[in-house]
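S.K.: To start, I am sharing the structure in question, which I have written as structure tokens.
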Ligand code: F6R
């Protein structure tokens, strides 16, 4: 992967926002792959500023990477809610064009296949924004995930539940399961941009970018992608050789 080390997350946000604006300029209804969590927020903030200044992204289509299973879509920390609050509203996107996997237990056994069909019907993801977990996950593809995996239900690791407890009242409230695009799904996107900030991401970034291809580091799958860019601050880059 191409690695770009930037001074801080605002610079990273501006850089990726620029790429999104360029994409939307080429094709107004381009398809964006949306990560949630803290990492992509500077990108969404930079895009929101551009939209406030007149950029029109209303034709853009989008697919979120993942959703929790076992909390209501209306829960403030469901990724439906997060995508609506952090992305759809501030970027003035058209909510009908933005998809999030269906984490409701009713129909969960077909939800993965339905999501794959929707991505294919949209013509695939043009630009996939990714964060990385401290355990090396992308999406919620925890260690052990197959490089060929498609959207399916996964069990969150203890580590991930601890990392995400900050969004909930207590760790006991963090869902046990998620529905996530697979590594195979992510690899089908035409372009990948993985962002990481802070020292706590340094070892995962090094393993993903320089380590062997390994299901133990799901993010190492990006090494198989011909157009993958990693944008990191100096702390997250600190274990790269
Ligand atoms: C979220 C996702 C996860 C996060 C990762 C990092 O949609 O797919 O892989 O990107 O857990 O989370 P943050 O950015 O909160 O450190």
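Read the figures in this text as sums done on the coordinates, not as results from a lab. Everything numeric in this text was worked out from a predicted model, so none of it was measured. Every residue, glycine among them, receives a Cβ derived from its backbone with ideal geometry; neighbour counts consider all protein chains shown.
S.K.: When DSSP assigns beta bridges and you keep just the ones with both residues in the chain, what percent turn out antiparallel, to the nearest 5?
M.R.: Among the beta bridges of the chain, antiparallel pairing accounts for roughly 30 percent.
S.K.: Between residue 4 and residue 155, what is 0.36 nm times their sequence separation minus the Cα-Cα distance? Round to one decimal in nm.
M.R.: 51.2 nm
S.K.: Please report the base-10 log of the normalised intensity I(q)/I(0) for the stretch 51-134, using a Debye sum with one equal scatterer per alpha carbon and no solvent, at each q in 0.19, 0.20 (1/Å).
M.R.: -0.95, -1.04
S.K.: Projected area of the chain, taken from the Cα convex hull and averaged over every viewing direction, in nm²?
M.R.: The directionally averaged projection comes out at 11.7 nm².
S.K.: Can you give the calculated 222 nm mean residue ellipticity of the chain, where each DSSP H run of n ≥ 4 adds -39,500 (n - 2.57) and the sum is split over every residue, rounded to the nearest 500 deg cm²/dmol?
M.R.: Values: 7 runs with 70 residues, N = 241.
Result for the chain, helices only: -8500 deg cm²/dmol.
S.K.: Between residue 109 and residue 223, what is the label-point separation in nm under the 7 Å Cα-to-beta-carbon projection?
M.R.: Each label point lies 7 Å from its Cα, and together they span 3.8 nm.
S.K.: Multiply the residue separation of residue 240 and residue 29 by 0.36 nm, subtract the distance between their alpha-carbon atoms, and state the gained length in nm to one decimal.
M.R.: 72.3 nm
S.K.: Over all alpha-carbon pairs of the stretch 1-81, lay out the pair-distance distribution in 10 Å bins, whole %, shortest bin first.
M.R.: Values per bin, smallest distances first: 16, 42, 32, 9.
S.K.: Moving to a separate point now. Considering only C-alpha atoms, what is the centroid distance from the stretch 1-36 to the stretch 86-106, in Å?
M.R.: A separation of 19 Å, based on Cα centres.
S.K.: While we're here: Over all directions, average the projected area of the Cα convex hull of the stretch 166-241 and note it in nm².
M.R.: With the hull built on Cα positions only, its mean projection is 6.2 nm².
S.K.: While we're here: FRET efficiency for residue 95 and residue 172, Cβ-Cβ distance as r, R0 = 25 Å, nearest 0.05?
M.R.: 0.20
S.K.: Which percent, nearest 5, of DSSP beta bridges in the stretch 147-241 are antiparallel?
M.R.: Looking only at bridges with both residues in the stretch 147-241, the antiparallel portion is about 50 percent.
S.K.: In addition: I'd like the FRET efficiency for residue 213 and residue 162, computed as 1/(1 + (r/R0)^6) with the beta carbon distance as r and R0 of 35 Å, rounded to 0.05.
M.R.: Efficiency computed from Cβ-Cβ geometry: 0.85.
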